[in-house]
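Worksheet: the structure to be examined is printed underneath.
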Amino acid sequence: MKDIANQYEILFITGNKHKYSEVLPIADRLGFRILMKPGYKLEIQSNKLEEISLTAALEAYKYLKKPLMVEDAGLFIDALNGFPGPYSSYVFKTLGCDGILKLMTGITTRNAVFRSVVTLIYPPFIIVEQGVCPGTIASEKRGERGFGFDPIFVPERDNRTFAEMSIEEKNRYSHRAKAVRKALQKLKKLLEQISDINLNAP
Ligand code: ITT
């Protein structure tokens, strides 16, 4: 089958270079060209990642009118009733990893999940996919790589934090990698399907 995805370019609406570096190899493997586009992500106040992601994608599309993707993520800590969740960006800026570790002092149940919601607009398609990465909150910061809460998050089936991993290693587990892979695979399949349709047929 012809590699249809190769012909398509998708803008990644984000101001976060780390996210872009994580998504790049996944898109590349599927034959898509992803370009980072900062400055167009509207961040609404909502307690639902799906709503934040979809609204940001639709708003960006209103201005750019080009195929694009938005990814919104958050860290949900069980013992803190899902905090910081959809407020992760603000909480990272204000409390940071140290603040979260402080809130977790003396707490032995350290389960948490990273969740990601990708909205991909490629007319006539709008694809929304989720990715979840279960794990635990470490007792101290470890590692220099990555961004955000990476130094304190240990994914299930490993004992290193995300900040101790290469991008390829983090992508084997991460919420973002799972959501982006699913969304791009679905798009590729749909593009292949519509390219088989003969629009001039009577
Ligand atoms: P955008 O421009 O794409 O919005 P952002 O960094 O603000 O970039 P999000 O709103 O999706 O991204 O994420 C909220 C915060 O959650 C983010 O700032 C990090 O602190 C944290 N976070 C999300 N994904 C993460 C990951 O893979 N590793 C570590 N922290 C992450």
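Each reported figure results from applying straightforward, stated rules to the coordinates on display, with no laboratory input. Values in this document were obtained by computation on a predicted structure and should not be read as measured data. Neighbour counts are summed over all protein chains in view; Cβ atoms, including those assigned to glycine, are modelled from backbone coordinates with ideal geometry.
Quick one: how many lysine pairs does segment 36-182 have with C-alpha atoms less than 12 Å apart and a gap of 8 or more or different chains? Give me the count, please.
On the way: Lys37/Lys66; Lys41/Lys62; Lys102/Lys141; Lys170/Lys178.
Counting lysine pairs in segment 36-182 gives 4.
Along the Cα→Cβ direction, 7 angstrom out, place labels at Asn81 and Val132. What is the inter-label distance in nm?
In this crude spin-label approximation the distance works out to 2.1 nm.
Using only alpha carbon pairs under 8 Å that are at least six residues apart, calculate the relative contact order of the chain and give it in whole percent. Write down the numbers at each step before the final one.
On the way: 384 pairs, mean separation 37.9, N = 202.
Relative contact order, the chain: 19 percent.
Quick check: pseudo-label points 7 Å beyond the Cα along Cα→Cβ at Glu43 and Lys186, how many nm apart are they?
For Glu43 paired with Lys186, the spin-label model returns 2.6 nm.
What is the angle, in °, between the Cα long axis of helix 17-30 and the longest principal axis of the Cα atoms in the chain? Nearest 10 is fine, range 0 to 90.
Roughly 40 degrees between the two axes.
Looking only at the chain, where both bridge partners belong to it, what percent of the DSSP beta bridges are antiparallel (to the nearest 5)? Mind dumping the intermediate values first?
Details: 27 of 34 bridges.
Beta bridges within the chain, antiparallel portion: roughly 80 percent.
What is the Cα centroid distance between segment 129-202 and segment 82-100, reported in whole angstrom?
20 Å
Only helical DSSP H runs with n ≥ 4 go in: add -39500 (n - 2.57) per run for the chain, normalise by residue count and round the 222 nm mean residue ellipticity to 500 deg cm²/dmol. It would help to have the intermediate numbers written out before the result.
Values: 6 runs with 73 residues, N = 202.
When only DSSP H runs of four or more count, the value is -11500 deg cm²/dmol.
Jot down the per residue volume, in cubic angstrom and as a whole number, of the convex hull over the alpha-carbon atoms of the chain.
Values: hull volume 25.1 nm³, N = 202.
Given the Cα convex hull of the chain, per-residue volume reads 124 Å³.
With only Lys, Arg, Asp and Glu charged, each at its Cβ (+1 for the first two, -1 for the last two), find how big the charge dipole of segment 51-131 is about the Cα centre; round to the nearest 20 debye. Please report the intermediate quantities before stating the final value.
Values: 7 positive and 7 negative charges, 32 e Å.
Dipole magnitude for segment 51-131 comes out near 160 debye.
Using every pair of alpha-carbon atoms in segment 38-138, split the distances into 10 Å bins beginning at 0 and state the percent of pairs per bin, rounded to integers.
Reading the bins upward from 0: 15, 42, 27, 13, 3, 0.
Just to be sure I understand the curve: with the Debye formula and one point per C-alpha of segment 108-202, what is log10 I(q)/I(0) at q = 0.13, 0.16, 0.20 Å⁻¹?
At q = 0.13, 0.16, 0.20 Å⁻¹ the computed log10 ratios are -0.54, -0.70, -0.92.
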